[in-house]
1. Mind putting a number on the dipole of the chain about its Cα centre? Charges go on the C-beta only, +1 for Lys and Arg and -1 for Asp and Glu, and I need it in Debye to the nearest 20.
2. Ignoring ligands, DNA and RNA, what accessible area per residue does the chain give at 1.4 Å, in Å²?
3. Karplus couplings for the range 46-62 from phi (6.51 cos²θ - 1.76 cosθ + 1.60, θ = phi - 60°), rounded to Hz, Gly and Pro as x?
4. Accessible area of the chain with a 1.4 Å probe: how many percent of it is carbon plus sulfur?
5. Fully extended, how many nm does the chain gain between Glu45 and Ser21 (0.36 nm per residue separation, minus their Cα-Cα distance)?
6. When all alpha-carbon pairs of the chain are counted, what percent fall beyond 17 Å?
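The values are calculated or read from the model by the stated rules, or taken from the named source; none is laboratory data. In this text the structure is predicted, and so the values were computed from the model without any measurement. Don't worry about glycine lacking a Cβ; one is built from the backbone with ideal geometry, like all the others, and counts go over all protein chains shown. What goes into the accessible areas is simple: the full protein's heavy atoms, side chains included, and nothing from ligands, DNA or RNA. Shrake-Rupley method; radii C 1.70, N 1.55, O 1.52, S 1.80 Å.
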Amino acid sequence: MENILVVWIYQTNYNSPLSQSLIQKKILTLFHSMKAERSEEAAEEKLDASRCWFTRFKERSHLTT
């Protein structure tokens, strides 16, 4: 899922800079979309797109956003 987010960031960032808030909203949208597709098996999964998550995500993906 984070790989999809990185692709989206690079495609979107080409035209305009992205904020932390926008990236956090996008990952939650992706998460809920994928969760809905998986139905029961994902019913109890949660994602906390907090500031800490964002910091770790930037480190994992080597983003400079």
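1. 340 debye
2. That works out to 74 Å² for each residue.
3. Per-residue couplings from phi come out as 9, 10, 9, 8, 7, 4, 5, 4, 4, 4, 5, 4, 4, 5, 5, 9, 6 Hz.
4. Of all accessible area on the chain, carbon and sulfur atoms account for 52 percent.
5. 6.5 nm
6. Cα-Cα pairs in the chain separated by more than 17 Å: 41 percent.
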